[in-house]
Amino acid sequence: MAETKSDIAGSILPVSKQQAMLMLESIYLWMDLGKFDHARELASGVASLMPKTKQAQFALGTIEFNQQKYDKALQAFRAAQRLDAKSGLARAHCAEALIFMGKTGEALKELQSARDLEDDGGVAEFAYRLTIFAGISDLERALKETNDKKRGEKFDFAIKAFQLAAKFEPKAAEPRLRIGEVHVLTGKNAEAKAEIDAALKLTPNDDEKALADKLLEVASGKVKAAPKKR
């Protein structure tokens with residue numbers, strides 16, 4: 001009897017592309033139902049069956065990420081990255097896990113690499129939104145920090161994240177506004193005004209214009225307290 005050839009390269013047993021797709025879809029279905037143990041068991045089986053398929057590692061990473069097990073999620077996304085070194089999506093997901101682990105510096109390097117690759121649909125927008133999120137996360141950590149040195153470091157990382165976002169999307173107003181926000185919160189009013197003025201030249205939306213107005217009020221000394229986070 002002739003041996004059946006698998007459609008999926010590197011599969012231990014013969015697997016058609018349709019069968020592989022059904023298994024992967026089932027993993028996400030279990031996740032949608034909140035059955036993470038079932039999803040993990042199936043994803044582990046798929047990864048063992050198809051060890052050269054990065055989608056199985058993406059699924060494992062997503063399961064762990066949704067369970068807030070960010071270190072394990074990172075391990076799975078790193079595995080996907082090793083399977084496909086040109087996958088910008090793998091690097092972006094690694095960055096996402098690193099952000100939640102508080103490792104902003106490492107995350108920004110991954111995001112830059114993800115944008116440089118840009119092999120998967122939607123990676124550029126995903127990486128941009130993650131840079132904004134990284135900056136906001138460090139800004140919020142800074143505001144909760146009681147140690148002056150650590151607070152200053154987190155403000156610095158927030159600035160770096162927003163600067164990278166501005167590099168990714170030079171026509172977007174939000175990164176410049178966010179940089180202005182950090183300057184307002186750190187008392188650098190002249191720098192804040194410069195960034196906010198630059199943002200207002202980039203056709204901001206109504207919400208961004210409202211934030212700009214509030215920030216300018218603080219930077220101009222019209223109000224004493226910094227505007228609350230949205």
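The values are calculated or read from the model by the stated rules, or taken from the named source; none is laboratory data. Please read all numbers here as calculations on a predicted model, not as lab measurements. Reconstructed Cβ throughout: ideal geometry from the backbone, glycine too, with neighbour counts over all protein chains shown.
If you check 145, 110 for being closer than 25 Å to residue 165 by Cα, free of Cβ contacts under 8 Å to residues at least 12 places away in the same chain and either buried (at least 17 other Cβ atoms within 10 Å of the Cβ) or in contact with a helix residue (DSSP H, G or I) (Cβ under 6 Å, 6 or more places away or on another chain) (or both), only one passes: 145. Just so you know, in the range 63-103 the residues that are out of contact with any Lys or Arg (no Cβ under 8 Å at 6 or more places or on another chain) and not in a helix (DSSP H, G or I) include one that is nearest to residue 125 (Cα to Cα), and it is 86.
Among the candidates 157, 162, the residue that is closer than 17 Å to residue 95 by Cα, touching a helix residue (DSSP H, G or I) at 6+ places or on another chain (Cβ under 6 Å), without any contact (Cβ under 8 Å) to a residue 40 or more places away in the chain and among the hydrophobic types (A, V, I, L, M, F, W, C) is uniquely 162.
Among the residues making up the range 71-92, a single one is of a type in the set (A, V, I, L, M, F, W, C) and without any contact (Cβ under 8 Å) to a residue 12 or more places away in the chain: 85. Residue count for the range 107-166 under the criterion of being of a type in the set (Val, Ile, Thr) and under 17 Å from residue 77 (Cα atoms): the result is 1.
Table: residues versus (1) touching a Cys at 6+ places or on another chain (Cβ under 9 Å); (2) among the β-branched types (Val, Ile, Thr); (3) assigned by TED's automatic domain parsing to the domain that holds residue 37.
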| residue | (1), (2), (3) |
| --- | --- |
| 70 | no, no, yes |
| 78 | yes, no, yes |
| 91 | no, no, no |
| 95 | no, no, no |
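Here residue 67 qualifies as among the polar types (S, T, N, Q) and either over 16 Å from the mean Cα position of the chain (by Cα) or over 30 Å from residue 41 (Cβ atoms) (or both).
When the range 104-123 is limited to residues that are more than 11 Å from the chain's Cα centre (by Cα) and in a helix (DSSP H, G or I), the one that is farthest from residue 185 (Cα to Cα) turns out to be 117.
For the range 155-197, a residue qualifies if it is over 18 Å from the mean Cα position of the chain (by Cα), surrounded by fewer than 18 Cβ atoms within 10 Å (Cβ to Cβ) and assigned to a helix (DSSP H, G or I), and the qualifying residues are 156, 189, 190, 191, 193, 194, 197.
Check 122, 152 and return the single one that is on the phi > 0 side of the Ramachandran plot and either among the small types (Gly, Ala, Ser) or buried (at least 17 other Cβ atoms within 10 Å of the Cβ) (or both). It is 122.
A quick yes/no check of all residues on (1) in contact with a strand residue (DSSP E or B) (Cβ under 7 Å, 6 or more places away or on another chain); (2) among the basic types (Lys, Arg); (3) at pLDDT 95 or above:
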residue	(1), (2), (3)
142	no, no, yes
161	no, no, yes
181	no, no, yes
218	no, no, no
222	no, yes, no
225	no, no, no
229	no, yes, no
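Summed over the range 83-129, the residues that are among the aromatic types (Phe, Trp, Tyr), within 25 Å of residue 173 (Cβ to Cβ) and out of contact with any Asp or Glu (no Cβ under 8 Å at 6 or more places or on another chain) give a count of 1. Per the listing 73, 59, 134, the residue uniquely under 19 Å from residue 175 (Cβ atoms), touching a helix residue (DSSP H, G or I) at 6+ places or on another chain (Cβ under 6 Å) and among the hydrophobic types (A, V, I, L, M, F, W, C) is 134. Please find, among 146, 104, the residue that is at pLDDT 95 or above and hydroxyl-bearing (Ser, Thr, Tyr). Checking each option against the conditions leaves just 104. Across the range 112-129, the qualifying residues are those that are in contact with a Leu (Cβ under 6 Å, 6 or more places away or on another chain) and not small (Gly, Ala, Ser), and the one among them that is modelled with the highest pLDDT is 123.
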